[in-house]
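In what follows, a structure is listed as structure tokens, so that the remarks can point back to it.
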């Protein structure tokens, strides 16, 4: 079995080893299995440190699976005057797009139509902003071959990307390019598997019930058994739940809601449609085409007070705001019945005195709590690698690990399955399987040897193969059907698909013997 394989058997082995360390502390214990925690585990393990990551539910169970599935170049932050964050975003986009995850990150074409909702001044400001974004692209080292320059476009060019736009008084618009993730949860799984390849122990369904600067008391959520683990440093990477892990952090959660709608209801969108929110400088609503026949429509930015739920639901007010804003530009408006799914995530914004969460900085913060305990909070998915580097740097200092840790080299460390685009194009496997698994696509298809029926889709209209279900359990750390429906694939984003696919997924797990007691 591959060293990067995550499954129930490896979990049991790693859990047993963690319980019997014979007094030898870990170098680093990471709490939280989202994109930041997985990034921290990879960074630390690649520096040669002994690492364990614990996640009380599943990889990418929280905010990390509820993004817009984009790798932003920082344009929004330019509009807010946050040049440093914008440049960091552009640099990290370049790393993901060209080095570490080109199998999961690809260019996307963006169209912003100049409709009556955008006056002449607004069009000029947008054009300036996009050209400044081009400057960031060049400064980050991303060539125009990878992401073409922004340009003014004729009405017919806008309609070629977004055919559903109302043509009445359409004055053309702007075409630009950014990067799109195949899937955010799959990025997290790729990070965790790559960390495992470098020796990290990745343990889902394990919670930290008490945390200190020299370790934690852990609970196996499958059995209820508790045990203590000592570590020279501990990183709290629990995102919006960071204040529950260490009480001296003040976060201001912000809710970001998305809708899932069929592509044909948008006239066959081919890329990303971007629309300014009337009266809101620097705020946008967009529709992003997915290769699965749907589009994600987002995003809101609303304060979310009160207790943090395990899974945030989308309130009706958010749904109607997104529909109303998008419909102002569509020839055939969407109705509530066109929404086939919704999802919402909570951004872990660091508390400030700003009046609105939309104005709170997205800059991340590394917080030292004394001893070897460090928290990493704030930030965003695109810049997870820099956040992880900063967190590990702080943990190395806090834990006195300078002699044990090598330099950070995640900027040039490909994730499992990564390869240059030319190499990916030559892999003998269906394109959609390569899109999700990269160079590991043949490994997925090999599970169907002797049983060709496993090369059939889970449901006739979906592009997820039955072999991918078995692969998720054998190699990607999925312990039950929910892990597969909601995180290893995105079948669960469409309510009807989730309902109809569940019996198929459960039967495949049962027949293969891969299902755990989760």
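Every number here is computed from the coordinates shown, using simple stated rules; none is lab data. Every value quoted in this text rests on a predicted model; they were computed, and no experiment measured them. Note: ideal-geometry Cβ built from the backbone for every residue, glycine included; neighbour counts use all protein chains shown.
The figures follow:
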| read-out | value |
| --- | --- |
| Spacing of the two label points (7 Å from each Cα toward its C-beta) at residue 270 and residue 511, in nm | 3.9 |
| Pairwise label distance in nanometres, residue 337 with residue 166, each label 7 Å out on the Cα-Cβ vector | 2.2 |
| Taking 277, 211, 240 and counting other C-beta atoms within 10 Å, the order from fewest to most | 277, 211, 240 |
| Estimated FRET transfer efficiency when R0 is 60 angstrom, pair residue 280-residue 145 (beta carbons, to 0.05) | 0.95 |
| Angle in degrees between helix 316-327 and the longest Cα principal axis of the chain, rounded to the nearest 10 | 40 |
| Residue 393 paired with residue 411, simple spin-label distance in nm, labels 7 Å along Cα-to-beta-carbon | 1.1 |
| Degrees between helix 8-19 axis and first principal axis of the chain (Cα, 0 to 90, nearest 10) | 50 |
| Residue-span extension gain [residue 321 to residue 131] - 0.36 nm each, minus C-alpha spacing | 65.5 nm |
| Residues 143, 230, 453, sorted so that the one with the fewest Cβ neighbours within 10 Å comes first | 453, 143, 230 |
| Where Rh is the Kirkwood radius over Cα pairs, Rg/Rh for the range 300-428 | 1.10 |
| Model label zone, residue 9; criterion: amide N under 20 Å from point 7 Å along Cα-to-beta-carbon; scope the range 425-466 | 443-451 |
| Stokes-Einstein D (µm²/s) once Rh is taken as the Kirkwood radius of the range 221-293 over alpha-carbon pairs, at 25 °C in 0.890 mPa s | 141 |
| Part-to-part distance (alpha-carbon centres) for the range 391-468 and the range 38-79, which is given in Å | 15 |
| Cα-based convex hull, the chain, per residue volume (Å³, whole number) | 139 |
| With Cα atoms, 0 to 90° folded angle of helix 83-95 axis to the chain main axis | 70 |
| Mean separation of Cα contacts under 8 Å, 6 or more apart, over the residue count of the range 421-512: relative contact order % | 20 |
| Distance from the range 263-327 to the range 86-112 (C-alpha centre basis), Å | 21 |
| Helix-only mean residue ellipticity at 222 nm for the chain, each DSSP H run of n ≥ 4 adding -39500 (n - 2.57), per residue, nearest 500 | -9000 deg cm²/dmol |
| Sequence of 87, 174, 125 once ranked by neighbouring C-beta atoms within 10 Å, starting from the fewest | 125, 87, 174 |
| Coarse-grained scattering of the range 153-252 at q = 0.19, 0.22 Å⁻¹, given as base-10 log I(q)/I(0) from a Debye sum over alpha-carbon atoms | -1.10, -1.27 |
| Relative contact order for the chain, counting Cα pairs under 8 Å that sit 6 or more residues apart, in percent | 21 |
| Fraction of antiparallel bridges per DSSP, the chain only, in percent to nearest 5 | 75 |
| Space enclosed by the convex hull of the alpha-carbon atoms of the range 430-504, per residue, Å³ | 88 |
